[in-house]
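One structure is given here, and the rest of the page talks about it.
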Amino acid sequence: MADIKFGTDGWRAVISDTFTFDNVKKVAQAMADYVKTQREVLSGREFKVVVGYDTRFLSDRYAELTAGVMASNGIPAILSDRPCPTPSVSYAIKDKNLAGGVVITASHNPARYNGMKYKAYYSGSAGPDITKKMELFLGANQALCEPIDGLRLKGAVTMENIVPRHIGFIKRYVNLGLIKKSSLKIIADSMYGTGNSYISELLKGGKCRVDTIHNTINPSFGGINPEPIMPNLKELALTVKKGKYSIGLATDGDADRLGVVLSNGCPITGHKVMTLLLLHLLEDKNMRGDVIQTICGTVLIEKICKKYGLKMHETPVGFKYICDIMGKADILIGGEETGGVAFKNYIPERDGILSGLLILEMLSQRRKSLDGIIKDIEKEYGRYEYRRLDMRVPDEKKRLLMELLKTKPLKRVLDKDVVEVKDYDGYKFILKDRSWFMMRLSGTEPIVRIYAEAPSEKRALSMLEFGKRIVDGL
């Protein structure tokens, strides 16, 4: 159907515009039709799905509808009894050996959006091979949906709190006792999403202090996008600085991504979050494996992989591509520039709560401030400042931009020569000093994203302005 397309991670659309009860029912039916084709392939699993949802407007109703469609198609459904983190759904698939799962969420998108993410039997994002098949089923069959009360009476839909088992795994993965013994003063920002108060609950009763903000349900997200980047972290940054906190942690709308604020109130980029997590696993936990980052990843990761002799995989933007490789290779860590990271010996899924606790474990083990650890990293590997600019532009302008970059690729960016071009997801121009500039279309919103990484913030911002001038000139 022309108005329903699966993007970077599932289907997202504006509530009451395209994201309607009728369209949710159609997408749920397409998902059910796909799952039914997998019955023989998944014979070793319980032929059942789990359905979770976030704190957005009507998400609980959309989730109930989705579970109803699944059950009406002969696929029993476990329906979360409360808003839950996306990784809770993915973990439930592995924990219960299920056929798959659905999350009603638009993740970090503005409040007017909602969405549906399908999680496959391997507990991760559905790849293009799966979503293309689902798209073929759209509108092919009439959506079946019996009344939910009747389905619950028959046991075809069961309600369950799926979060505790997920949290239980985190307790085993992270040395919470070590963090609790530290004198860290922590503040966690749930951004009105499904991160709730889980970090503070996990660390209560210890010597460290954990406070939480924005941990209530607010479908408008307080007027900001629930994406853990500036300016959305302005209140967290001010609170960290004013309250003299050691660190600020922020989880996005569905708690699969992490933002981090230093003690001076300055947020760090998702690149640096992933760098810290990689070094913690390598140097503090003595773990090994390949590393995955997307095309807009950082030179820092490349340098660390080279030092430790690790293979680095590079993918298009979209966690489904990282998830795919995690199912085929021995991966230590895989992540995106937006703060979404997955880890070895877990599930192929981002987890903002686990990421935040691993950062705290690193600080507790090294007994150093985050500022100090980052200075050590810059001393050894060099300084790299990453910045991104999002521009809302009409479809015709987006088409013209991509055509221009394809037919007339840049030879220079400001005063630096381009030495390499990558064009498998947008256009990335790598310069002689290993800094880089990139332009691509978002897979979840009607915008052009402009990226830059350079040795200084000033230089990175100048490169963004360079990109803005290109778009404005179309």
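The values are calculated or read from the model by the stated rules, or taken from the named source; none is laboratory data. These numbers come from a predicted model, not from an experiment. Positions of Cβ are generated from backbone atoms using ideal geometry, with glycine treated the same way; all protein chains shown enter the neighbour counts.
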Notebook entry, point to check: Taking strands (runs of 3 or more DSSP E) that fall entirely within region 134-221, which contain at least 1 residues that are assigned by TED's automatic domain parsing to the domain that holds Lys119?
Noted result: 157-160
Next item on the list: Please name all residue pairs, on different chains or six or more residues apart, with Cβ atoms under 7 Å, provided the first residue is in region 314-337 and is in a strand (DSSP E or B) and the second residue is of a type in the set (Phe, Trp, Tyr).
Entry: Thr315/Tyr321; Ile333/Phe343
Check: Among the residues of region 107-119, how many are at pLDDT below 95 and small (Gly, Ala, Ser)?
Finding: 1
Next item on the list: Determine which single condition Ala63 fails, assuming it passes every other condition in (1) closer than 25 Å to Gln142 by Cβ; (2) in a strand (DSSP E or B).
Entry: (2)
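Among residues belonging to region 44-58 that are buried (at least 23 other Cβ atoms within 10 Å of the Cβ) and not in a strand (DSSP E or B), point out the one that is nearest to the chain's Cα centre (by Cα). Steps first, please.
Here is the first cut: in region 44-58, the ones buried (at least 23 other Cβ atoms within 10 Å of the Cβ) are 49-56.
With the extra rule that they be not in a strand (DSSP E or B), the set shrinks to 54-56.
Values: Asp54: 14, Thr55: 16, Arg56: 17 Å.
Here the answer is Asp54.
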Item checked: Selection within region 262-306 - in contact (Cβ under 8 Å) with a residue 40 or more places away in the chain, farther than 23 Å from Asn175 by Cβ and assigned to a helix (DSSP H, G or I) -> Gly270, His271, Val299, Leu300, Lys303
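Closer than 13 Å to Asp9 by Cβ, modelled with pLDDT of 95 or more and either surrounded by 18 or more Cβ atoms within 10 Å (Cβ to Cβ) or of a type in the set (A, V, I, L, M, F, W, C) (or both) - does that describe any residue in region 329-339? Spell out how you get there, then give the answer.
Step one: of region 329-339, the residues closer than 13 Å to Asp9 by Cβ are 336, 338.
Now restrict to residues that are modelled with pLDDT of 95 or more: none.
Checking region 329-339: not a single residue is closer than 13 Å to Asp9 by Cβ, modelled with pLDDT of 95 or more and either surrounded by 18 or more Cβ atoms within 10 Å (Cβ to Cβ) or of a type in the set (A, V, I, L, M, F, W, C) (or both).
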Notebook entry, point to check: Counting only residues that are among the polar types (S, T, N, Q) and at pLDDT below 95, which one in region 431-455 is farthest from Ile4 (Cα to Cα)?
Noted result: Ser442
Next item on the list: Give me a count of the residues in region 347-401 that are assigned to a helix (DSSP H, G or I), within 16 Å of Leu202 (Cβ to Cβ) and of a type outside the set (A, V, I, L, M, F, W, C).
Entry: 5
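Applying the selection to region 420-474, what residues are aromatic (Phe, Trp, Tyr) and part of a loop (DSSP other than H, G, I, E, B)?
Step one: list which residues in region 420-474 are aromatic (Phe, Trp, Tyr), which gives 424, 427, 429, 436-437, 451, 466.
Within region 420-474, Tyr424 is the sole residue that qualifies.
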Item checked: Inter-residue pairs, beta-carbon under 7 Å, first farther than 23 Å from Asn109 by Cβ and outside the structural domain of Ile15 (by TED's automatic domain parsing) and in region 445-463, second outside any strand (DSSP E or B) and of a type in the set (Phe, Trp, Tyr), 6+ apart -> Glu453/Tyr384; Pro455/Tyr384
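Condition first: in contact (Cβ under 8 Å) with a residue 12 or more places away in the chain and loosely packed, with under 14 Cβ neighbours inside 10 Å. Now tell me which residues in region 377-396 satisfy that. I'd like the intermediate steps shown before the answer.
At the first step, the residues of region 377-396 found to be in contact (Cβ under 8 Å) with a residue 12 or more places away in the chain are 377, 381-393, 395.
Once the filter is applied, which keeps residues that are in contact (Cβ under 8 Å) with a residue 12 or more places away in the chain and loosely packed, with under 14 Cβ neighbours inside 10 Å, region 377-396 yields Gly382, Asp390, Arg392, Asp395.
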Margin query: What's the number of the only condition in (1) crowded, with 20+ Cβ neighbours inside 10 Å; (2) under 22 Å from Ile167 (Cα atoms) that Lys272 fails to meet?
Written below: (2)
Check: Hey, any hits in region 122-129 for a residue that's under 24 Å from Asp351 (Cα atoms), aliphatic (A, V, I, L, M) and surrounded by fewer than 18 Cβ atoms within 10 Å (Cβ to Cβ)?
Finding: no
Checklist line | Close pairs (8 angstrom Cβ cut-off, 6 or more residues apart or separate chains): crowded, with 16+ Cβ neighbours inside 10 Å in region 138-149, acidic (Asp, Glu) anywhere | finding: Ile148/Glu64
